[in-house]
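The values are calculated or read from the model by the stated rules, or taken from the named source; none is laboratory data. Model, not experiment: these values are computed from the prediction. FYI the Cβ positions are ideal-geometry reconstructions off the backbone, even for glycines, and counts take in every protein chain you see.
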């Protein structure tokens with residue numbers, strides 16, 4: 001593994017594939033002796049000559065048209081449009097012809113071409129060198145659209161695109177070219193088109209992002225981790241076709257969605273992603289979008305450009321509000337109750353001292369690990385058993401539960417009732433309530449989502465809780481692998 005920048009990975013992919021396949025030819029403005037405006041083709045003209053690294057006129061329509069023709073004649077052309085802002089001149093060839101060739105010929109013809117272009121703001125390029133154009137082209141069936149965020153993906157996706165039998169648009173965020181460095185495998189490899197990746201695992205919310213916004217989202221997620229909010233970040237990598245399986249699996253776990261992109265908000269890719277989540281019915285609260293406002297272009301003024309582009313601060317704020325909205329819904333037991341959950345309950349008597357909360361927490365973690373079905377999330381697509389135990393600790397009105405854990409413990413102390421059945425919170429399969437301790441003993445009730453947990457498992461869970469609580473009663477030692485979120 002070497003460390004390369006994104007632009008070095010792109011250049012290496014082009015050179016490697018030209019050496020491997022003599023059908024690969026490069027076309028674009030100033031890509032020859034100059035090596036391209038971003039130097040993506042630097043050195044390739046001297047290495048492969050003018051017949052394979054072709055300087056084209058400043059006419060994007062011509063570049064795209066010649067590329068379509070070369071692809072249909074058996075070549076593997078890779079065209080460069082200097083800036084995504086200029087790609088619209090080639091739209092008729094790309095969308096009207098290349099994307100439709102296989103379909104309208106019944107599979108008799110294909111168009112194995114690649115169009116590379118640099119997109120995105122933050123580069124001080126003003127309104128004509130900073131556009132994000134993905135929504136226009138992700139709307140075209142027959143076309144594939146990829147947007148790598150890392151050097152390894154920049155090389156692997158470009159190689160996959162060149163070898164693909166159909167047209168592929170490769171969007172390279174210009175800010176990542178030299179700002180983002182990372183490990184790149186040695187030798188030949190491809191990153192499959194149509195497959196997203198989990199850039200950061202989390203439990204509280206899912207962020208869908210790509211390009212430079214992936215890195216801003218990761219930075220926001222790290223900041224939030226210190227605040228007790230655990231965010232999962234999904235790198236889409238391919239925008240058409242979307243990896244629905246990976247997206248929905250993440251949302252089934254977190255139940256909250258934040259989409260981040262630089263493109264304007266109305267009719268952007270985020271709208272499709274929100275629709276996907278809504279149709280799959282995997283969200284507990286409405287999704288949020290962090291995007292550029294609906295303005296015609298990136299401002300020329302540097303301060304205005306910074307103001308309109310999403311960044312790690314605006315992403316963080318959106319996520320805080322998203323998770324807080326869920327906490328508000330699930331923070332109070334009465335509001336957390338979901339009448340759609342078919343509850344069942346069991347009861348056991350446990351020897352406890354009046355100062356038993358930490359012992360009970362430790363016992364709850366032990367029981368959840370012994371019966372992982374009680375530390376899970378039910379969805380119609382399956383039951384997800386969680387690796388870690390995150391306890392929603394409800395100590396009464398003065399300390400409401402956070403509402404984002406994997407299991408709930410309710411304990412109102414000596415002022416509580418001797419016996420009460422807790423509500424199972426949305427996204428969990430079990431809740432435990434400890435009654436008031438009388439004469440060194442208390443009734444412990446467990447409610448379960450009966451769709452996921454049967455009576456036998458509930459009994460095993462309570463037996464494990466009783467055993468752990470009575471064993472740990474004398475020497476409590478809270479399991480450090482458990483997270484206990486508490487609202488102020």
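Please specify each residue of the stretch 368-382 satisfying the condition of being outside any helix (DSSP H, G or I) and modelled with pLDDT of 90 or more.
371, 375, 376, 377, listed by residue number.
When the residues of the stretch 42-74 are narrowed to those that are closer than 18 Å to residue 169 by Cβ and in contact with a strand residue (DSSP E or B) (Cβ under 7 Å, 6 or more places away or on another chain), which ends up surrounded by the most Cβ atoms within 10 Å (Cβ to Cβ)?
Looking at the filtered set, the residue picked out is 67.
Among the residues of the stretch 309-330, are any loosely packed, with under 13 Cβ neighbours inside 10 Å, in contact (Cβ under 8 Å) with a residue 60 or more places away in the chain and within 20 Å of residue 261 (Cα to Cα)?
Yes.
From the set of residues in the stretch 227-242 that are modelled with pLDDT of 95 or more, part of a loop (DSSP other than H, G, I, E, B) and under 13 Å from the mean Cα position of the chain (by Cα), which is surrounded by the fewest Cβ atoms within 10 Å (Cβ to Cβ)?
Only one residue fits best here, namely 242.
Regarding residue 273, is this residue under 14 Å from the mean Cα position of the chain (by Cα), in contact (Cβ under 8 Å) with a residue 60 or more places away in the chain, in a helix (DSSP H, G or I) and closer than 21 Å to residue 220 by Cα?
Yes; evaluated as a whole, the condition is true for this residue.
Right, residue 218: touching a strand residue (DSSP E or B) at 6+ places or on another chain (Cβ under 9 Å) and surrounded by fewer than 21 Cβ atoms within 10 Å (Cβ to Cβ) or not?
So residue 218 passes the test.
Report, by residue number, each residue of the stretch 454-464 that is touching a helix residue (DSSP H, G or I) at 6+ places or on another chain (Cβ under 8 Å) and either within 14 Å of residue 345 (Cβ to Cβ) or surrounded by fewer than 15 Cβ atoms within 10 Å (Cβ to Cβ) (or both).
457, 458, 461, 462
Do we find that residue 59 is touching a helix residue (DSSP H, G or I) at 6+ places or on another chain (Cβ under 9 Å) and closer than 20 Å to residue 143 by Cβ in this structure?
no
Given the structure, is residue 1 surrounded by fewer than 21 Cβ atoms within 10 Å (Cβ to Cβ), touching a residue at least 60 places away in the same chain (Cβ under 8 Å), over 22 Å from residue 125 (Cβ atoms) and in contact with a strand residue (DSSP E or B) (Cβ under 8 Å, 6 or more places away or on another chain)?
Judged against the criteria, residue 1 is a match.
Hey, any hits in the stretch 442-461 for a residue that's modelled with pLDDT under 95 and at positive phi?
Checking the stretch 442-461: not a single residue is modelled with pLDDT under 95 and at positive phi.
Identify all residues within the stretch 465-488 that are out of contact with any helix residue (DSSP H, G or I) (no Cβ under 7 Å at 6 or more places or on another chain) and either part of a helix (DSSP H, G or I) or at pLDDT 90 or above (or both); write none if there are none.
Once the filter is applied, which keeps residues that are out of contact with any helix residue (DSSP H, G or I) (no Cβ under 7 Å at 6 or more places or on another chain) and either part of a helix (DSSP H, G or I) or at pLDDT 90 or above (or both), the stretch 465-488 yields 466, 467, 470, 471.
Does the stretch 355-368 hold any residues that are out of contact with any helix residue (DSSP H, G or I) (no Cβ under 7 Å at 6 or more places or on another chain) and in contact (Cβ under 8 Å) with a residue 40 or more places away in the chain, and which are they?
Matches in the stretch 355-368: 356, 357, 358, 361, 365.
Could you list all residues from the stretch 77-92 that are part of a strand (DSSP E or B) and farther than 16 Å from residue 143 by Cα?
80, 81, 82, 83 - these are the residues of the stretch 77-92 that are part of a strand (DSSP E or B) and farther than 16 Å from residue 143 by Cα.
Does the stretch 140-162 hold any residues that are surrounded by fewer than 20 Cβ atoms within 10 Å (Cβ to Cβ) and free of Cβ contacts under 8 Å to residues at least 60 places away in the same chain, and which are they?
Correct list: 141, 142.
Please verify whether the stretch 258-270 includes one or more residues that are farther than 25 Å from residue 193 by Cβ and in a loop (DSSP other than H, G, I, E, B).
Taking every residue of the stretch 258-270 in turn, at least one turns out to be farther than 25 Å from residue 193 by Cβ and in a loop (DSSP other than H, G, I, E, B).
Could you name every one of the strands (runs of 3 or more DSSP E) located completely within the stretch 93-187 that has at least 2 residues being more than 20 Å from the chain's Cα centre (by Cα)?
So the answer is 114-119, 168-173, 181-184.
Among strands (runs of 3 or more DSSP E) lying entirely in the stretch 386-456, which contain 1 or more residues that are without any contact (Cβ under 8 Å) to a residue 60 or more places away in the chain and more than 28 Å from the chain's Cα centre (by Cα)?
Once the strands (runs of 3 or more DSSP E) in the stretch 386-456 are filtered for at least 1 residues that are without any contact (Cβ under 8 Å) to a residue 60 or more places away in the chain and more than 28 Å from the chain's Cα centre (by Cα), what remains is 407-411, 430-434.
Applying the selection to the stretch 243-264, what residues are over 27 Å from residue 178 (Cα atoms), surrounded by fewer than 24 Cβ atoms within 10 Å (Cβ to Cβ) and in contact with a helix residue (DSSP H, G or I) (Cβ under 9 Å, 6 or more places away or on another chain)?
Listed by number, the residues that qualify are 244, 247, 248, 252, 255.
Which of (1) at pLDDT below 90; (2) surrounded by fewer than 19 Cβ atoms within 10 Å (Cβ to Cβ); (3) under 31 Å from the mean Cα position of the chain (by Cα) does residue 301 not meet, given it meets every other one?
Tallying (1) at pLDDT below 90; (2) surrounded by fewer than 19 Cβ atoms within 10 Å (Cβ to Cβ); (3) under 31 Å from the mean Cα position of the chain (by Cα), residue 301 fails exactly one: (3).
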